[in-house]
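Below: the structure, in structure tokens.
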Amino acid sequence: MDDSEFTDSDTTGQAMFLRPSSVSKLCISKPHHHGSFTRKLLSHDKSTLACYLIGIILATGLIGSAIFATVVFGFGVGSTHLAKPDPDFYRPNQGQVLLLGDSLTQKGMVQNGWVSRLAQGYVCQHDVLERGYGGYNSRQWVDLVDPVIRDSVTPGTLPALITILLGTNDAYTITASEFRSNMMTIISNIKSKFPSTPLVLFTPPPPLGSNIFASPDKVYQLYQITLDIGVSTASHVIDLWKSFFPLVQTDFVFSRDYNSTVIQDLLLPDGVHLSISGNSIVYTSLYNFLNATFPNLVPGKYSYLLN
């Protein structure tokens, strides 16, 4: 190698600086052959030592890059942890859950409400679509069903579950006969669109005796109609009166079984809307129904992801 490639002579003992043009020559320069291996190494010209150092640096960099790629990207691409993913977990659409109703559904979205608990239970399982509108009754829902379904349900898919909770506001403004007619229209419309989707009717829950919205006896009348509609339309019914009065072992009879003191803690001071305890009863009633009737729809399969 020509000494002109260096700024200092090989024998000066000074720090050596390389010109860029000399780097390629370093790796092909031949060492001098004399003495032991150590003496040979020490006696090599500085170009040979520099070549060794460059090789070590490059090798270290390549190894480090390989380790980094394995750690950062390996678990996302080639890791055995995700090599065989649960097909249910990654299914893009397992069906939406559509909840129709009034403020008892709308306010179920509060923390620990029955709707929010259902949404948490269905994490990575189903999208819960809360469509409860405060103050709405069955008459308004007759005209609301089509636009709500059109704007909510993904086109070309079937909802996994649909629930309806109406009757509380009807007890204040709608006759029993109209309530029956409206509910039959709503249910017929939904079943014509989604004949294979489970449709669950909640009976309106019992109110307190002292409230400004609806008298308990009128709500009880609509409760009985909801039970009848479930039979005549082959729909599933969750009986919230029995859930709110758990000691009733047979068919609920208003004059015999209604006791407002039993349900005071289940309702807010207005006597109609659900407290957290009341929300818990609605959620538990739905959960138990699904567990007994549609076990594939039981919420909680991936709830551990929220911990």
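None of the figures in this text is laboratory data; all of them are computed from the coordinates on show. Everything quoted here is computed from the prediction, not taken from an experiment. Here the Cβ is made from the backbone with ideal geometry for all residues, glycine too, and neighbour counts use every protein chain on show.
Annotations
- Judged by the ratio a/c of the largest to the smallest principal axis of the C-alpha gyration tensor, the range 97-306 counts as oblate, that ratio being 1.5 or greater while a/b is no larger than b/c.
- Charge dipole (debye, nearest 20) of the range 122-233; +1 at Cβ of Lys and Arg, -1 at Cβ of Asp and Glu: 120
- Long-range amide H partners of Thr197 with built H, under 5 Å: none
- Intensity falloff of the range 112-204 expressed as log10 I(q)/I(0), Debye formula with alpha-carbon point scatterers, at q = 0.19, 0.20 Å⁻¹: -0.99, -1.09
- Sorted by Cβ density within 10 Å, fewest first, the residues Thr175, Thr163, Thr250, Thr185: Thr250, Thr175, Thr185, Thr163
- Lysine pair count for the range 97-306 with Cα-Cα distance under 25 Å and sequence separation of 8 or more or different chains is 4.
- For the peptides 124-130, 164-170, the ranking by packing is 164-170, 124-130, with the highest mean count of neighbouring Cβ atoms within 10 Å listed first.
- Each Lys or Arg adds one and each Asp or Glu takes one away; over the other residues whose Cβ falls under 12 Å from the Cβ of Ser116, this sums to +1.
- Classification of the range 100-144 by its C-alpha gyration tensor yields an oblate form. The axis ratio a/c (a ≥ b ≥ c) is 1.5 or more, and b/c is at least a/b.
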